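Novice: Structure provided below as C-alpha cells; questions to follow.
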Amino acid sequence: MLTLILIYSGIVLIWAILSVIAIQQVYTYAYKTDTLSRSLTYIYIVVGILLVINGFRMLLGLNIDQLMQ
Amino acid sequence: MKDRLKPYRPTLHPGTRAFPGQSADEKVVFIIRKHWIVDFAILTTTFFAVFWPLILYFIVNLVWPIPHTVYIDAGIVIMHLYVLFALFWYYVKWIDHRLDLIIFTDRRMVDINQTRLFDRRISEANLAQIQDVNSGVKGFWPTMLHYGKLNIQTAGPEGNVFEMTYVRWPSLVASTIIELRDNYTKREHIPQSPSPTP
C-alpha cells in the first residue's frame, strides 16, 4: 500500500511542479491584464486539487489484498 | 461610436506593472491578444479530450451497469492521473496561444512569443522604428468573425517583422498602431523613418 501511495504522490508531485511553472508564466505575463487567464487558471488549480484529493481518497479505499489476488 | 479595440485596452491600477521590464512612468496603451475563437477551439478540444473517460464510463454504465470491483476502482484512480496530465497538457497548449502578446506602451512595443512551456521569445522596438503595418483577413470564418493576420515591420539592421495571427479587427489595429507611432514621433520631435522599399 505504501508503495502505491508513494508512486501516486510522486506522479502528483511531477504534475504540481510542472503546473507551478506554467502558472508562474501566466502570473508574470497575463495576471494583471487578462481576466480570462486569471479565471481559467483558478479553475485549473481548483479542478487539479480536487482531482488529486479524490484520487488519493480512492487510493486509500482500495482493497490491496483483493487487487493483488 | 463603439470602441472595437476596447478588449485590447487593459484597465490597470496606477503604478501596476503589466509586464516585466515596464518602467514606472511608462503607460500601457493596448495589448494585442488572439481572437476568442482560439480560446473557444482549445477549450472545446480540452473538454472532450480530458473528460472522454468520464463520458464513456457514464454511457457504458447506462447500457451495461458496471459492477463495483476493486479493479474498476484501481482503473478510476489511474484515470484521475490521466485527467490531471491531460488537463495540464491542454492548459499549456492554451498558454502557448494566450501568452502570445504584442504590448504597446506610450513609447515602445514589446512582442512576447510563447512557443512552448520552456520556449519564449521577447522582442521589443521603439515606436519610432515602426515602418510598415500590414493586415489581412482571408477565409469565411475570419471574415465573419473579424480576425486576421497582422504584420509590423520595423527599421533597423535586421529589419524585424513582428507577426501575429488571429488578431481581432486587424485593419483597425493596424491604423491605430500607425496613429500611435505618428503621435509618438510628433511628441518626441523624431523625423519619420522612410518606408521600406518594395
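Novice: Scan region A:33-50 and tell me whether some residue there is out of contact with any helix residue (DSSP H, G or I) (no Cβ under 6 Å at 6 or more places or on another chain) and farther than 22 Å from B:Trp89 by Cβ.
Specialist: Looking for residues that are out of contact with any helix residue (DSSP H, G or I) (no Cβ under 6 Å at 6 or more places or on another chain) and farther than 22 Å from B:Trp89 by Cβ, one finds at least one in region A:33-50, hence yes.
Novice: Moving on. Please enumerate the residues belonging to region A:1-58 that are among the small types (Gly, Ala, Ser) and within 9 Å of the chain's Cα centre (by Cα).
Specialist: Residues satisfying the conditions are A:Ala16, A:Ser19, A:Gly48.
Novice: Continuing with the same structure: So is B:Ile102 among the β-branched types (Val, Ile, Thr), surrounded by 18 or more Cβ atoms within 10 Å (Cβ to Cβ), within 20 Å of the chain's Cα centre (by Cα) and closer than 21 Å to B:Ile31 by Cβ or not?
Specialist: In short, yes.
Novice: Could you list, ordered by first residue, the pairs with Cβ atoms under 8 Å in which the first is in region A:1-12 and at pLDDT below 85 and the second is assigned to a helix (DSSP H, G or I), at least 6 apart or interchain?
Specialist: Pairs that qualify, where the first residue is at pLDDT below 85 and the partner is assigned to a helix (DSSP H, G or I), are A:Met1/A:Ile64.
Novice: Also, I was wondering about something else. Taking the conditions exactly as written (at pLDDT 90 or above and not assigned by TED's automatic domain parsing to the domain that holds B:Ser175), does B:Val50 satisfy them or not?
Specialist: no
Novice: If B:Ile112 satisfies all but one of (1) at pLDDT below 90; (2) closer than 22 Å to B:Phe47 by Cβ; (3) in contact with a helix residue (DSSP H, G or I) (Cβ under 7 Å, 6 or more places away or on another chain), what's the number of the condition it fails?
Specialist: (2)
Novice: Taking the condition surrounded by fewer than 18 Cβ atoms within 10 Å (Cβ to Cβ), farther than 30 Å from B:Ile122 by Cα and among the small types (Gly, Ala, Ser), does A:Gly55 pass?
Specialist: For A:Gly55, the condition - surrounded by fewer than 18 Cβ atoms within 10 Å (Cβ to Cβ), farther than 30 Å from B:Ile122 by Cα and among the small types (Gly, Ala, Ser) - is not met.
Novice: So, in region A:1-27, exactly how many residues are more than 7 Å from chain B (Cβ to nearest Cβ) and in contact with a Leu (Cβ under 7 Å, 6 or more places away or on another chain)?
Specialist: So the answer is 3.
Novice: Then there is this: Suppose we keep only residues that are aliphatic (A, V, I, L, M) and surrounded by fewer than 13 Cβ atoms within 10 Å (Cβ to Cβ) within region B:1-36. Which one would you say is farthest from B:Trp94 (Cα to Cα)?
Specialist: B:Met1
The values are calculated or read from the model by the stated rules, or taken from the named source; none is laboratory data. No experiment lies behind these values; they were computed from the predicted model shown. Here the Cβ is made from the backbone with ideal geometry for all residues, glycine too, and neighbour counts use every protein chain on show.
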